[in-house]
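The values are calculated or read from the model by the stated rules, or taken from the named source; none is laboratory data. Every value quoted in this text rests on a predicted model; they were computed, and no experiment measured them. Don't worry about glycine lacking a Cβ; one is built from the backbone with ideal geometry, like all the others, and counts go over all protein chains shown. When the accessible area is computed, the model is the full protein with side chains, heavy atoms only, and any ligands, DNA or RNA have been set aside. Shrake-Rupley method; radii C 1.70, N 1.55, O 1.52, S 1.80 Å.
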Amino acid sequence: MITSETFQYQLQHVLVPLLRRWSRCYRLNIAPKDRVTAFVSQPFKPNHFLEIQIQYSSIYQEPQLTFRIWEIYTVDDVEYQRPCFPTDLSHWLNMQEFTVRLDYLHPSDRNVWYSVHGCDTAETVGSQLDHYLQRWASVYFTIFDFEFSRVFV
Amino acid sequence: MVGDHMKFTIPCQSFLDTSFFQELARLKLEVLKLDSSRKELTSRIDIKHIPKGSSCAHLFLSNESFGDEPQSGTGLPVKGSLYNYNTIEDFKKVDKASLLNQRAQEAWKESQDDPNNCVRFFVISFADLKSYKFFHWVCVPCFQLESLNLKVTASGTLTDFDKYDSWFDTYPECWSCLEDSDGGLRNFSKDEVTDCATLIVRDTSTIKMVPSALVKNFVSLFKLFVPKLDSIRLILVRSDASSSFWMEVKLCTDREISASALKVSGWERNSQNKLTPRATDLSTLLDPLQVADQSLDLNLKLMKWRIAPELDLDVIKNTSVLLLGAGTLGCYVGRALLAWGVREITFVDNGRVSYSNPVRQPLFVFDSCGKPKAATAAESLRKIFPLVKTRGVDLQVPMIGHPVMNETKEQRDFETLHELVRSHDVIFLLMDSRETRWLPTVLGCAENKIVINAALGFDSYVVMRHGAYSEQEENRHGCYFCQDVVAPSDSLADRTLDQMCTVTRPGVALMAASQSVELLVSLLQHQDRNTNEVSTKTILGDLPHQVRGFLSEFKTLQLRSPAFKQCSACSSSVVEAFRAHGWDFVAAALNNYKYVEDLSGLTNVQAKAEDALKDIFEDWDEELDEDLLV
């Protein structure tokens, strides 16, 4: 578990620099300051991108990882983008043992997002607060990129 | 690179968050309506946190971007504007070059007072609220004096990055500054520029040694302030020392500088590097219930755009309605209320759907047969619009003149009905006998509720709103029973099938149902809601007391009948007796309708009528005898 204050500090000082180094991340939004949104390309799924959000879950006292998938297509010279909900997420993500559900209603606009269930976070990440988000990201971001650990090199 | 024409990259990439479009949709429906004039936006461009995979900084727009208050978050604040067009055709036919030129000229002029205005953006958009597609095109004007050519004569990596970075940390909202000949840093302004030849700009590009096109704006401004200057040292500050750099730039002019002649660019290219608009399709994202919710509101809110801007939709939406009767009238009234946006509808009926019902009663289908009418009607309504708060109550409305057989049950039904009347704003009387309407009429008066009554004949109907109850009958509109000189009694005993069923031309029920709902909606638009005013109007037009329709002549009449002092249902003697004695009063009326006639004074009225009639007959007999004698 991680306190809200430690999370916010590590979000800005640990996670954001990691995400900036992630080669697949091409857009980063840090607004509001307690939430980071990363836009990530999908090399094996051209014309799609992921919008990944990391914020604090005060219920679990853990980082909360949510995301949605966008599709880009063109009609009559107009480039459209729309959220898409593939039937089999395992073709899109490295699901491994993670529980991913389409059950997160975003508080700002009531839109539905995928959430990565965080009930095993404490076991997976350990209890030490130093470098907590670093360890957390090294585990959870493999869902989107098996080679995420390259950001640590 | 040295001696080359200076190259630039795109200023930034935009991303319009879904919350931006949802706020745009809300504003369009509720505030802007047909207003397509320019609206203010704000955003931030964060050059400190550009990821490795991006060639430039980003301009994020969210629901917080509307208005002129800087939105929260990191980065430099940027002012912008929105042009939201009413049709896709208007959006397409915008003269993009002219609009860009206007906005660039505006930024250029305003930047002469404050160079931070060199960085502006604007968005053109069209919100297709029916399909939830939002067309948009973002533009960040980049401009350069037409006569000015920029050539790089030298460049290199920045060695004293911290000096500039810390100045910008002190002035986090400044895009640029100047360095004087002593190496001091100062704000970029017309007054400060005279003895400076070094311009420092925060660069939104991440491409090695290639600044963003926004730098042209600042260099042009510098040249305007110091026309004689023919070279400049440019320092481009990025997120770290390794990517920041300097350039010596020759400012070549082929003719005299004209302050208003600018070369402009800035329309954003799409992901395939084409100059075309983009669209965000949110139809797949929204919760279907939310789409249904907003779509229902959409049709209603469109009325407010041109036809009835003052229409109060909230009062309709927040009105709870009790429908007594879930037959032909009840079903049609339920649907019409739903279409007007009423969100709480309760059905009361004690019947079951029969095989003859579905063809005339639109909330039932063949499979409904045998099921309780009230609950089935509510379930159908929920299938049509899941967000409606609706339920069905299986209840027999106690009827005057129908003696109490099972007091426990009938008292419980009475109490349930009373509570239902109390807890709703409007009561519709849609039953198929007169005596069923009596108790709800009394309850409506006692609880000061709006009561709308609809009744059918074979090819005629009456729709009326009962007068708002007060003890003073003089100025009150009448109720359904005000024209009767007898209290209602058991009209169902010893009736044949055709007398017990409502035998009407099928269209009559639709007409009565729709008129009764429209009458309610008009009434809700009146400032006093349940008014007794005569010949009054609302923003929807006339507000009649009652409408009678005659299908045989395809004619409707507006009528008004005043409250009758001896009415069996709404007279103060009846209503106050109910208020004083509750169930005991009701039980007495059920057991013997004459009790109500005595109480209201109808017995006296009848006696006087008898006497008057007797006098007439006696006079008649006398005249007849005299005639015979002749």
Subject >> Mean residue ellipticity (222 nm) of chain B, computed from DSSP H runs ≥ 4 via -39,500 (n - 2.57), nearest 500 >> reply: -10500 deg cm²/dmol
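Determine the per residue accessible area of the protein assembly as shown with all protein chains present and a 1.4 angstrom probe, expressed in square angstrom.
Values: 35080 Å² over 783 residues.
Result: 45 Å² of accessible area for each residue.
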**OP:** Could you work out the relative contact order of chain B, using alpha carbon pairs under 8 angstrom and six or more residues apart, expressed as a whole percent?
**Re:** 10
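Helix check for chain B. Which DSSP H runs span at least 20 Å along their own axis by Cα, with a mean Kyte-Doolittle hydropathy no less than 1.0? Can you show the working numbers first?
Details: long enough: B:96-111 (22 Å, -1.21); B:288-305 (25 Å, -0.09); B:407-423 (24 Å, -1.45); B:506-524 (28 Å, 1.45); B:602-629 (40 Å, -0.68).
TM-like helix candidates: B:506-524.
Given a 1.4 angstrom probe, I'd like the percentage of the accessible area of chain B that is carbon and sulfur, rounded to a whole number. Write down the numbers at each step before the final one.
Values: 14020 of 27930 Å².
Taking all protein chains in place, chain B shows 50 percent carbon and sulfur surface.
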**OP:** Just list whichever of B:Lys409/B:Lys565; B:Lys93/B:Lys274; A:Lys45/B:Lys7; B:Lys39/B:Lys92; B:Lys223/B:Lys274; B:Lys216/B:Lys250 have alpha carbons separated by over 21 Å in the model shown.
**Re:** B:Lys409/B:Lys565; A:Lys45/B:Lys7; B:Lys223/B:Lys274
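How many square angstrom of accessible surface are buried between B and A, both sides summed, with a 1.4 Å probe and rounding to 100? Write out the running numbers ahead of the final one.
Details: alone 29480 and 8710 Å², together 35080 Å².
When B and A are taken together, about 3100 Å² of accessible area is lost.
So in segment B:295-611, what percent of DSSP beta bridges are antiparallel if you round to the nearest 5? Mind dumping the intermediate values first?
Numbers: 19 of 38 bridges.
Roughly 50 percent of the beta bridges in segment B:295-611 run antiparallel, per DSSP.
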Original post:
Could you give P(r) for segment B:1-285, binned at 10 Å from zero, as whole percent values over all Cα-Cα pairs?
Top reply: 6, 28, 34, 20, 9, 2, 0
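If you add up the charges near A:Ala38, with Lys and Arg at +1 and Asp and Glu at -1, over every other residue whose beta carbon is less than 14 angstrom from its beta carbon, what do you get? If you can, show how the numbers build up before the last one.
On the way: positive: A:Arg20, A:Arg21, A:Arg24, A:Arg27, A:Arg35, A:Arg68, B:Lys52; negative: A:Glu51, A:Asp145, B:Asp17, B:Asp46.
Combined, the nearby Lys, Arg, Asp and Glu give +3.
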Original post:
Which of the residues in segment A:61-79 lose at least 20 Å² of accessible area when you go from the chain alone to all protein chains together (probe 1.4 Å)?
Top reply: A:Arg68, A:Trp70, A:Thr74, A:Asp77, A:Val78, A:Glu79
Subject >> Surface share of carbon and sulfur [accessible, 1.4 angstrom probe, percent] for segment A:103-153 >> reply: 52
**OP:** Take the Cβ-Cβ distance between B:Asn299 and A:Thr74 as r, set R0 to 22 Å, and report the resulting FRET efficiency rounded to the nearest 0.05.
**Re:** 0.10
Subject >> Overall dimensions of segment A:4-152 by Cα: Rg and Dmax, Å >> reply: 15.3, 54
Original post:
When we measure straight from the Cα of B:Lys371, which lysines land under 17 angstrom away, once same-chain ones fewer than 8 places off are left out?
Top reply: B:Lys383
Subject >> Cα convex hull volume per residue for the protein assembly as shown (Å³) >> reply: 247
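When DSSP assigns beta bridges and you keep just the ones with both residues in the protein assembly as shown, what percent turn out antiparallel, to the nearest 5?
Values: 104 of 143 bridges.
Rounded to the nearest five, the antiparallel share is 75 percent.
For chain B, take N as its residue count and report Rg(C-alpha) divided by 2.2 N^0.38 Å.
Details: Rg = 38.7 Å, N = 630, 2.2 N^0.38 = 25.5 Å.
Dividing the Cα radius of gyration by 2.2 N^0.38 Å gives 1.52.
Given a cut-off of 22 Å, what percent of all Cα-Cα pairs of segment B:279-394 lie beyond it? Let's see the in-between values first.
On the way: 2696 of 6670 pairs.
Value for segment B:279-394 (Cα pairs over 22 Å): 40 percent.
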Original post:
Using unit Cβ charges (K, R positive; D, E negative) and no other charged atoms, how large, in debye to the nearest 20, is the dipole of chain B about its Cα centre?
Top reply: 3860
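What does the charge count near B:Met399 come to, summing +1 for each Lys or Arg and -1 for each Asp or Glu among other residues with Cβ under 12 Å from its Cβ? Intermediate values should be presented prior to the final figure.
On the way: positive: B:Arg434, B:Arg437; negative: B:Glu410, B:Asp413, B:Asp432, B:Glu435, B:Asp490.
Value of the local net charge: -3.
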Original post:
Which of the lysines could be linked to B:Lys163 by a straight reach, that is with a Cα gap under 17 Å, when you skip same-chain ones fewer than 8 residues away?
Top reply: B:Lys48
**OP:** Run down the lysines and flag those whose C-alpha is under 18 Å from the C-alpha of B:Lys389, throwing out any fewer than 8 positions away in its chain.
**Re:** B:Lys317, B:Lys373
Original post:
With Cβ to Cβ distances under 15 Å as the rule, what net charge do the other residues near B:Ser155 carry (K, R +1; D, E -1)?
Top reply: +3
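Defining a contact as two alpha carbons under 8 Å apart and six or more residues distant in sequence, what relative contact order in percent does segment B:295-611 show? Before the final figure, lay out each step's value.
Details: 634 pairs, mean separation 57.9, N = 317.
Averaging sequence separation for qualifying contacts and normalising by length gives 18 percent for segment B:295-611.
State the extension gain, in nm to one decimal, for the chain segment bounded by B:Ile307 and B:Lys555, taking 0.36 nm per residue of separation less the distance between their alpha-carbons. Don't skip to the answer; put the middle values down first.
On the way: separation 248, 0.36 × 248 = 89.28 nm, distance 2.63 nm.
So the extension gain works out to 86.7 nm.
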Original post:
At each listed q (0.12, 0.14 Å⁻¹), what is the log10 of I(q)/I(0) that the Debye formula gives for segment B:295-611 modelled as equal alpha-carbon point scatterers?
Top reply: -0.81, -1.12
Subject >> Protein-protein interface of segment B:3-23, residues with accessible area decrease of at least 40 Å², isolated chain reference, 1.4 Å probe >> reply: B:Phe15, B:Thr18
**OP:** Go through B:Gln112, B:Phe161, B:Ser147 and say which Cα lies farthest out towards the positive end of the charge dipole of segment B:79-162; charges sit on Cβ, +1 for Lys and Arg, -1 for Asp and Glu.
**Re:** B:Ser147
